[in-house]
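A quick write-up on the structure given underneath.
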Amino acid sequence: MAGTVRSSAADRRRPTLWDGGVALLILAAALVLLWLLRPVPADRLTAEVRMDGALLGAYDLSELGGRTETVELDAPYPMTLELRSNGVRVAHSDCPSQDCVHTGWIGRAGEQIVCLPNKCIISLTGGADASANDFDVVAG
Amino acid sequence: MWNRHLSLLLPVVLLTGLLLSACSAPTSASAGEEPAARQVFAMNTIMSLQLYGPDKEAALEAAVDEIGRLDALFDRNDPDSDIARLNAHAGDGSPVALAPETVEVLSAALDAGTDTDGAFDVTVAPVIDAWGFGTGDAAQYRLPSRSELDGLLPLVDASALHVDASAGTAWLDRAGMEVDLGGIAKGYTAARLDALLDGYDVTDALLDLGSSTIALRGTNAAGDRWRVAVKDPKDPDRSLLVLSLSDETLSTSGAYEQCFTEDGVTYHHILDPRTGWPGQTGICSVTVVGGDSARTDALSTALFLMGPDEALDLWRRDGSFDCVLCLEDGRILLTEGLEDRCAFADDTDKEDGHGWNCEIVRR
C-alpha cells in the first residue's frame with residue numbers, strides 16, 4: 001500500500017535559476033513594501049496656534065529657510081509671533097503677565113508657549129524627535 | 001513548471017507576511033495607543049490631560065466638565081463662586097450654604113493646617129493680595145510695608161474658619177477675612193478626577209493640573225511607570241531629576257515661580273501665613289509625592305515654609321508621603337521611599353554635577 005503512494009518530493013528536481021529568480025523577486029517586493037510601510041517621521045517643524053482650543057493657524061517653519069516671519073495675532077491681548085525655520089517665539093504681547101514673552105524661543109517638537117491671559121497655546125510638532133527626553137512630563 | 005514556482009512562492013509569501021506583521025506588532029497592549037488628550041485653561045493655569053483605555057474619550061469629556069465645575073466653585077475672583085460667597089459673608093455671622101465639594105476641600109485645608117502647625121493656612125488671601133500674587137499678573141506684584149502686613153495678619157487665622165460638614169455650610173468669623181484655595185484646589189481636583197476615572201475603563205492617565213500638581217494613574221504608553229521630571233530650582237529651564245511614579249500624585253512648590261526683584265532682593269510667592277512674608281527657610285523647592293492628592297498639594301507649600309528640619313520631622317511622623325527638598329546650600333534631601341524611583345537628569349546618581357549633592361533621608 002505504502003508503495004503506491006508517490007511522494008511529491010520524488011518528482012521534484014533540483015531548483016533552477018528560475019526558482020532563485022522568483023524568490024529574489026518576491027524578496028525584493030517585500031523589501032519595497034517594508035520601505036513603503038516604514039513609520040514616516042513628521043519631519044517638517046510646524047507651529048500650531050490655538051486660542052481657547054480653536055486652531056488659529058499652523059505654520060510650516062521648515063519652509064522659511066533663513067527668513068524671519070512676523071505674525072500678528074488678533075487676541076484679547078494682541079500678540080506678535082516671530083517664526084524662523086528653527087523655532088518660534090512671542091516677540092510682543094499686550095498681556096499683563098508677559099510669561100509668553102519670557103518663555104523665549106522654542107525649537108523642538110512637543111515644546112509649547114502658553115499665554116494664560118489670552119488662553120493661547122503655541123505648540124511645535126514634527127521636526128527633530130523630542131521623544132528622546134527620558135521623561136513624560138515636567139513638574140514645577 | 002509554473003506549478004513548481006508557485007509551490008516555492010507560497011512559503012516565501014508566508015515568511016514575508018510573518019516578517020511584516022512582526023515589524024508592525026506592538027510590544028504591549030497599550031504601546032502605541034494614542035491617548036485621548038486635551039488642554040484646558042482653569043484655576044489660573046493650563047491643565048493637560050492624557051487618558052488611555054477603552055473609555056478614554058467619554059472619560060476625557062467628563063473630566064474636562066468636572067474641572068470646569070470645580071473651577072466655578074473655587075474661583076474667588078468669580079462673584080458667583082462658593083468661595084467668593086463665603087468671603088463676601090465674612091464676619092456677618094451667617095453660615096454660607098456650599099456645594100459638598102467645597103465643604104470637603106475646606107475640611108481638607110483645615111486638616112492640613114492642623115497637621116502642619118499653621119504652615120498651611122487657607123485664609124492667607126489678604127496677605128496674597130497685598131503682594132499682588134493673587135491674579136498671576138506680574139504687573140500687580142508689589143512689596144507691601146511691614147505695617148501693612150501687620151495690619152492684615154489678624155485676618156489670617158484658620159481657627160476663625162468654621163466648616164459644618166453635616167449642614168453643608170461654612171463661615172468666617174471676622175470681616176475682611178478671605179479664603180484662597182490656590183494651595184489645595186488643584187490637588188483636590190486631582191483626587192476628584194481620579195475618583196471619576198474609577199467609573200470608566202481608563203487604564204492609564206497623566207493628569208497634569210498646571211505642572212505644580214501632577215496625578216499619575218497606571219503606566220505610560222511604554223508600560224513603565226510615569227516619569228516626572230522635577231525642575232532644577234537654580235535653573236528652571238533644565239530638569240534636576242526624574243521620579244518614576246504610578247497611582248500617586250506629585251506636587252511641587254518652588255521659589256523660582258511667581259517672583260519679583262526689588263532693590264536687589266527677590267521676593268517669591270510662597271507666603272508664610274504666620275509672618276506675611278515669603279518663606280525664608282533655606283529651601284528653594286519642595287516636591288511631595290503621596291496618595292492623597294489634596295494633602296500632597298497642601299504639603300508642598302507647608303513643607304517649604306516649615307524648613308528642612310520640621311519638614312522631615314513631619315515626614316517621619318506621618319508615613320503617608322515622600323518628598324524631595326532642594327536647599328539653597330546645594331543639598332537635595334530625598335526621603336528613602338523615593339530612593340529607588342529617582343534618577344538624576346545626567347545619570348550621575350548621587351551627585352549631579354551642577355552643584356547639587358543628594359542625601360537620602362532615612363527614618
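Against the empirical curve 2.2 N^0.38 Å, the C-alpha radius of gyration of region B:193-241 lands at a ratio of 1.37. Put the Cα centre of region B:86-100 next to the Cα centre of region B:147-218 and the gap is 16 Å.
The B:SER166 and B:ASP78 beta-carbon pair, evaluated with R₀ = 25 Å, returns a calculated FRET efficiency of approximately 0.40.
About its Cα centre, how strong a charge dipole does chain B have in debye, to the nearest 20, once Lys and Arg get +1 and Asp and Glu get -1 at the Cβ?
The calculated dipole for chain B is roughly 880 debye.
Spacing of the modelled spin labels on B:ALA88 and B:LEU153, each 7 Å from Cα toward Cβ, amounts to 3.2 nm.
Hey, how many Å between the Cα centroid of region B:106-130 and the Cα centroid of region B:303-335? If you average the Cα positions of each part, the centres end up 19 Å apart. Here the relative contact order of chain B, from alpha carbon pairs under 8 Å that lie six or more residues apart, stands at 15 percent.
Calculate, for B:ARG316 and A:ALA29, the FRET efficiency according to 1/(1 + (r/R0)^6) with r their C-beta to C-beta distance and R0 60 Å; round to the nearest 0.05.
0.35
A straight Cα-to-Cα reach below 12 Å connects B:LYS56 with the aspartates and glutamates B:GLU33, B:GLU34, B:ASP198, B:ASP201, B:ASP204, residues fewer than 8 places away in its own chain not being considered. With contacts taken as Cα pairs under 8 Å at a separation of at least 6 residues, region B:216-363 carries a relative contact order of 20 percent. Can you tell me how region B:209-270 classifies by the Cα gyration tensor, rounded, prolate or oblate, using a/c under 1.5 as the rounded cut? Note, shape of region B:209-270 comes out prolate. Values of log10 I(q)/I(0) for region B:47-101 across q = 0.20, 0.22, 0.25 Å⁻¹ run -0.74, -0.82, -0.94, by the Debye formula with one identical scatterer at each alpha carbon and no solvent. Here the spin labels are modelled as points 7 Å beyond Cα on the Cα-Cβ line, and at A:LEU55 and B:ASP237 they lie 3.1 nm apart. The simple Förster model, with R0 at 45 Å and r as the Cβ-Cβ distance, assigns B:ILE360 and B:THR275 a FRET efficiency of 0.90. Working from Cα positions, state the angle (0 to 90°, nearest 10) between the long axis of helix B:185-197 and the longest principal axis of chain B. Approximately 40 degrees, to the nearest 10.
Got a number for carbon plus sulfur as a percent of the protein assembly as shown's accessible area, 1.4 Å probe? C and S fraction of accessible area: 53 percent. Here, the protein assembly as shown yields an orientationally averaged convex hull projection of 35.4 nm² when only Cα atoms define the hull.
Length, then width, then depth: along the principal axes, the Cα atoms of region A:11-132 run 87, 30, 24 Å. The 3J(HN,Hα) values that the Karplus relation (6.51, -1.76, 1.60; θ = phi - 60°) gives for region B:211-224 are, in residue order, 6, 7, 10, 10, 10, 10, 10, x, 10, 7, 5, 8, x, 9 Hz. Gly and Pro appear as x. Please give the helix B:56-74 orientation as an angle from the longest Cα principal axis of chain B, in degrees from 0 to 90, rounded to the nearest 10. On a 0 to 90 degree scale, this one is about 10.
For the pair B:GLU34 and B:SER145, label points projected 7 Å from Cα toward Cβ lie 6.1 nm apart. Annotation for the B:A interface, with buried accessible surface near 2800 Å², both sides summed [1.4 Å probe; non-protein components not counted].
Computed 3J(HN,Hα) for region B:163-176, one whole-Hz value per residue from the Karplus formula 6.51 cos²θ - 1.76 cosθ + 1.60 where θ = phi - 60°, is 10, 10, 5, 5, 8, x, 10, 8, 7, 10, 5, 10, 4, x, glycine and proline marked x. Our analysis of chain B gives Rg over Rh at 1.10, with the two radii drawn from alpha carbon positions and Rh computed by the Kirkwood formula.
A Cα-only calculation for region B:214-363 places Rg and Dmax at 15.0, 50 Å.
The values are calculated or read from the model by the stated rules, or taken from the named source; none is laboratory data. Since the structure is predicted, the reported quantities are computational estimates derived from the model, not experimental observations. Reconstructed Cβ throughout: ideal geometry from the backbone, glycine too, with neighbour counts over all protein chains shown. SASA here: full protein model, heavy atoms, side chains in, ligands and nucleic acids out. Shrake-Rupley method; radii C 1.70, N 1.55, O 1.52, S 1.80 Å.
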